[in-house]
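In what follows, a structure is listed as structure tokens, so that the remarks can point back to it.
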Amino acid sequence: MDTTIFKGMIMGFILSLPFGPVGIYCMELTIIEGRWKGYITALGMVTIDMVYSTVALLFLSGVKEYIVKYENYLSLIIGLFLLVISIRKLLTKIELKDINVDFKSMLQNYLTGAGFAIVNISSILVIATVFTVLKVLDDGNTSPTTYMEAILGVGIGGTSLWFLTTYVMSHFRKLFGKEKLIKIIKIANVTIFILALAIIFYAIKKIIN
């Protein structure tokens, strides 16, 4: 039995674990503006994960040197971007918005998620490493079907995990009062700020050395 699609799903789960600063941002958005806006934002990230999975499978040898060379600079950009966002959020009064679903705002959320992910081009190396460990292309199996199954698996894994994550987070609006939710959001923003600083300091240290 071909397990390529399941290996791709494992990759999608790993990439979509909501523990990083961008994942926290999507969860916060879910609490503030509703489940679907958080989910659509996450779908933007999953889309880029699928694109980068394609690059990792097809063109790794051509881009690996470039990614390794500029990885620290890219990490610095990501850190600065997240730092600006977290500061803006910390300085802005938090208000839980009425859930309003419309195409324009959904498109903006999707593009925001894609923008977050596309800057993190170094994730290609993570994807390639995990695919290697999972032996996705083992025994020289490099047919177009294998690539498509792996990439489809990444999409299924990522969308499924974020569907569950946003479902759980949306229930915070129902289970907790407004004041508790605002405290949770503040903690999330502080967490993003700290993680952004850590990314910046690490990137600068690597660049200097």
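The values are calculated or read from the model by the stated rules, or taken from the named source; none is laboratory data. It should be emphasised that the depicted structure is a prediction, and the values quoted were computed from it without experimental measurement. Virtual Cβ from ideal backbone geometry, glycine too; neighbours counted across all protein chains shown. With ligands, DNA and RNA removed, areas are computed over all heavy atoms of the protein, side chains included. Shrake-Rupley method; radii C 1.70, N 1.55, O 1.52, S 1.80 Å.
Brief remarks on what is shown
- P144 falls short on exactly one of the conditions (1) buried (at least 18 other Cβ atoms within 10 Å of the Cβ); (2) over 27 Å from I40 (Cα atoms); (3) modelled with pLDDT under 80, and that condition is (1).
- Among the residues listed as K180, K174, K206, the single one being in contact (Cβ under 8 Å) with a residue 12 or more places away in the chain and open to solvent by 70 Å² or more (accessible area, probe 1.4 Å): K206
- Failed item, numbered, when I99 is tested on (1) at pLDDT below 75; (2) closer than 16 Å to T41 by Cα; (3) in a helix (DSSP H, G or I); (4) open to solvent by 40 Å² or more (accessible area, probe 1.4 Å): (3)
- Lone unmet requirement of (1) free of Cβ contacts under 8 Å to residues at least 60 places away in the same chain; (2) open to solvent by 60 Å² or more (accessible area, probe 1.4 Å) for F193: (1)
- Residue in region 150-157 that is open to solvent by less than 70 Å² (accessible area, probe 1.4 Å), assigned to a helix (DSSP H, G or I), at pLDDT below 80 and in contact with a Phe, Trp or Tyr (Cβ under 7 Å, 6 or more places away or on another chain) present: no
- Residue within region 16-23 that is touching an Asp or Glu at 6+ places or on another chain (Cβ under 9 Å), modelled with pLDDT under 75, under 22 Å from H171 (Cβ atoms) and open to solvent by less than 70 Å² (accessible area, probe 1.4 Å) present: no
- Counting only residues that are under 20 Å from L83 (Cα atoms) and open to solvent by 20 Å² or more (accessible area, probe 1.4 Å), region 33-58 holds 1 of them.
- Residues satisfying the stated conditions in region 12-57, i.e. in a loop (DSSP other than H, G, I, E, B) and among the hydrophobic types (A, V, I, L, M, F, W, C): L17, F19
- Residue that is farther than 19 Å from L17 by Cβ, surrounded by fewer than 17 Cβ atoms within 10 Å (Cβ to Cβ), within 16 Å of the chain's Cα centre (by Cα) and at pLDDT 75 or above, where the choices are L107, L111, L164, L80: L111
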